[in-house]
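Working notes, beginning with the structure itself.
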Ligand SMILES: [Zn+2]
């Protein structure tokens, strides 16, 4: 599954949970009240919830209900089902796992969805062929929100075709999501049985199970039904099943549809036959799937059109799409088959299904889902109008395709045994997506982007004491859902990349093939992977200090990652190297007594001989070790974590930093791109958490005036942004701006403002980064060009060719920031007429206090045109704006009652509070925030998010105490003042006039050197 959007949904769900746990809104219910067991029977004898056993329809005969008879069943459906399930998901004290006395081998599933307003249910009949492994009187399987028909339930002994006598049917759908059939006679180990039953499931609007979605076509709403079974297990909402990933089976699917619709599923249709008694309906019979997990079953019933590839491939590809989006299918169709073929050759295992379908679903919870043979996507993840959309969108579409197609092997062919090790699916798919995208779009340089897209991101999330090990227990739906996070995906991908590096790419590749072959159509645990890699390592004669399992378990079974500290001995040529868990912040009251240590591959090279790449190891039992000879002379630098293939940060002694900085200034390309990115990122992060003097980091950064590569720049910009936001309005700020202009001007000058069709992919990315800073620093060429484009757009607002999608956000922001009332008004009107959020964000970047106030006031008016979904984004952008931060804080403090009485209510206070914290760094600001929290303790008092905000301000204050003067002194020592600008202390509280004056002086000075 592609999780990025999903993580957002998860955050929303968590927010809902946070809100629901506040004293104000949590309903105090007994458990019986929380999980109502409605006994209300409808005319048909069907009920929505428990008890689930209901009589057959009076007229008997057909097992399905006609729409007219069933339509009212779910009219009283609970609106708060999502909340209900979130509450349910917190249950931890019950066994939610199935016993494994009987295991499924084959399902025949007949589903007839009624995709029509007022009905939205599915009639189903299922035959499950099971093998009995241990004698038992009871068969438990998963079901949720399913209505069973009691008389239809049967268990047949296939050795003699005798039915067993059912003595009880225990329905625990609302608690354990399990139903249990008890039989009078025992099922005997070694025998096969057939379980049959009729049921009704709900075509819900919760984006899980078999659910409904819709889109408008010529003013008419068109409905469709589609499945989303993963995260954690929602197949049980579509039909009763053994819904655990290691209970693999074959699925024979039969889908009913109206003759005006079409269906798609994992396999190809064999035949279609009319449905008896329903003239407008047809059954589509599908080929039986290969053996697979229940969460990979996929069904789509819609009026979509299919678009096939025009090129010829061994496996045909089709893209399913609503008719009006047909033209947006081309890009995915052009890259996906090549990716799949790359994987076939990379894994040396042919894709085993007869076809591949990709479907664009209008309402979809995740980014995409890897159902075997029918991959489903949210529309924006699959469809793109390439010439009109940004390069980053194009890359993300390619990337998501590569991720889902990688899952066809990692996840579908070989499946994680249980959700606690979902990284075996997701970490691998994330790692391999870089290879798959690289294979079809080499210009994207995905392998070069890995460090800034994955590794440095993981350094952020895994450096908190609240992180978790990759391999982590998960049983409840809530726990399982939380496993789909950055640790499984991104950290998983980082440790795989690290293993590939220390094992060697070719041996690693052969090991993967070995693993996939050994576990095909089965499940895998970590040991299966370690074993396959070990066998390959042994076969290929690769030397490692201990087993692959020993090494890798230090990375999967404990959280965090090390900081490697290298202290060179310039006399002996050696170094002492120590490891310690890297944390952004240490909680003095932590009760964690675990001693964190890893098996770490200490790869290193040096300035004397760049071809030398040495590897020593520090073992998990060694807090430190000594390397006798680094192979570098005392005037040569040494760099550890070669090409930044490994998951650790590095700190050096000050002399080595000096030698590296010297090399960077002389010829930075003698150090690899990834290592330049690493040096900058490590040094600034270590300095920010007080583990390194800022001097070392700032000295390194001086070479950036020669740096033209996207990756090192991208790695350091967020760290520079932090310093920028802290020093803003301080006496050191103008000097800091001078330094930044020294660095950014040549980078911007290198990429220039004008796009060209010949631009390399990363040049486009580099231009976005460089423009964003150049315009922020008021570099004249950037500001003038942006203003000109903005003026052009004001004349022709509907001409979409004026702004390049890659430059749009910076141009809009710069247009407003450097414009007057007319430019601001234009942005806001464009937002309300087009609902294009980038215009709203542009309006929020105004430097005019009264305009910002007016914007925030508009937010309170439900008629202003600001959408509820954009409120957080708007407030966050005002709060992040250097001028807007004070405006937003004043607004929150002074307009509290007005906000509460507006359509926003109390729901936004927590996030608003959090947004204003990032830029605040004085005791007076902290006191004001604490006072605000105390005044509104009922809403802000118990929120973790509010506490995080306070913690950030406390850290900022500490940072200022420790580093403000340190950086100021470094600037004074190293950066020549930019004529008069150094005397100007920007004070922007009253708008943009003074700021622009200060900036413009700087621009005039540096403009002399600037060549557009
Ligand atoms: Zn995935």
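Every read-out reported here was derived from the displayed coordinates using simple, explicitly stated rules and does not represent laboratory data. On a predicted model such as this, the values are computed, not experimentally measured, just so you know. Glycine gets a Cβ as well: all are built from the backbone with ideal geometry, and neighbour counts include every protein chain shown.
How would segment 517-566 be classified by its alpha-carbon gyration tensor: rounded, prolate or oblate, with rounded meaning a/c under 1.5 and the a/b versus b/c comparison settling the rest? Note, shape of segment 517-566 comes out oblate. The DSSP beta bridges internal to segment 251-408 are antiparallel in roughly 70% of cases. With the simple model of a label 7 Å out from the Cα in the direction of the Cβ, residue 689 to residue 758 spans 4.5 nm. Counting every other Cβ atom within 10 Å of each residue's Cβ, 637, 418 order from fewest to most as 418, 637. With both bridge residues required to lie in the chain, what share of the DSSP beta bridges run antiparallel, to the nearest 5%? The antiparallel proportion sits near 80 percent. Counting 0.36 nm for each residue step from residue 972 to residue 592 and taking away their Cα separation leaves a gain of 132.5 nm.
In degrees, nearest 10, range 0 to 90: what is the angle between the Cα axis of helix 505-519 and the longest Cα principal axis of the chain? Value to nearest ten degrees: 20.
Peptide packing: for 500-511, 425-436, the average count of neighbouring Cβ atoms within 10 Å per residue gives the ranking 425-436, 500-511, highest mean first. Residue exposure proxy: 254, 128, ordered by other Cβ atoms within 10 angstrom of their Cβ from fewest to most, comes out as 254, 128. Note on residue 538/residue 95: beta-carbon distance plugged into 1/(1 + (r/R0)^6) with R0 of 60 Å gives a FRET efficiency of 0.90.
By DSSP, the beta bridges lying fully in segment 555-703 are antiparallel in about 85 percent of cases.
The alpha carbon centroids of segment 288-336 and segment 403-440 are separated by 19 Å.
Rounded to the nearest 10 degrees, the inclination of helix 673-688 to the longest alpha-carbon principal axis of the chain is 80 degrees. State whether segment 441-548 is rounded, prolate or oblate according to the following rule on the C-alpha gyration tensor (a ≥ b ≥ c being the square roots of its eigenvalues): a/c under 1.5 gives rounded; otherwise a/b larger than b/c gives prolate, and the remaining case gives oblate. Since a/c reaches 1.5 but b/c is at least a/b, the shape of segment 441-548 is classed as oblate.
Starting from the Cα gyration tensor of segment 181-297, take the square roots of the eigenvalues, sort them a ≥ b ≥ c, and report rounded, prolate or oblate (rounded when a/c is under 1.5, otherwise prolate if a/b is larger than b/c, else oblate). Cα axes put segment 181-297 in the prolate bin. Note on residue 705 and residue 667: their simple-model spin labels are 2.1 nm apart, each label 7 Å out from Cα toward Cβ. Centre-to-centre, using Cα atoms only, segment 882-957 and segment 180-226 are separated by 46 Å.
Extension gain, residue 345 to residue 138, is 69.9 nm, computed as 0.36 nm per intervening residue step minus the present C-alpha separation. Report summary: the helix-based calculation at 222 nm, which adds -39500 (n - 2.57) for every DSSP H run with n ≥ 4 and divides by the residues of the chain, gives -12500 deg cm²/dmol.
I want to verify the translational diffusion coefficient of the chain in µm²/s; compute it with Stokes-Einstein, Rh as the Kirkwood radius over Cα pairs, at 10 °C and 1.306 mPa s. For these conditions, the coefficient is 51 µm²/s.
Against the chain, whose longest principal axis is taken from its Cα atoms, helix 492-503 shows a tilt of about 70°. Computed on segment 769-918, the Cα convex hull volume stands at 103 Å³ per residue. Report the calculated FRET efficiency for residue 131 and residue 308 (r = Cβ-Cβ distance, R0 = 35 Å), to the nearest 0.05. Approximately 0.35, to the nearest 0.05.
What the Cβ-Cβ distance of residue 718 and residue 609 gives, at R0 = 35 Å and to the nearest 0.05, is a FRET efficiency of 0.55.
Here the extension length gained between residue 272 and residue 934 equals 231.6 nm, from 0.36 nm per residue of separation less the Cα-Cα distance.
Listed peptides 541-548, 743-750, 343-350 appear in the order 743-750, 343-350, 541-548 once ranked by packing, highest mean of other Cβ atoms within 10 Å at the front.
Simple spin-label estimate for residue 466 and residue 902 gives 2.8 nm between the two label positions (7 Å along the Cα-to-Cβ direction from each Cα). Among 379-391, 880-892, 779-791, the peptide with the highest mean count of other Cβ atoms within 10 Å heads the list, and the full ranking is 880-892, 779-791, 379-391.
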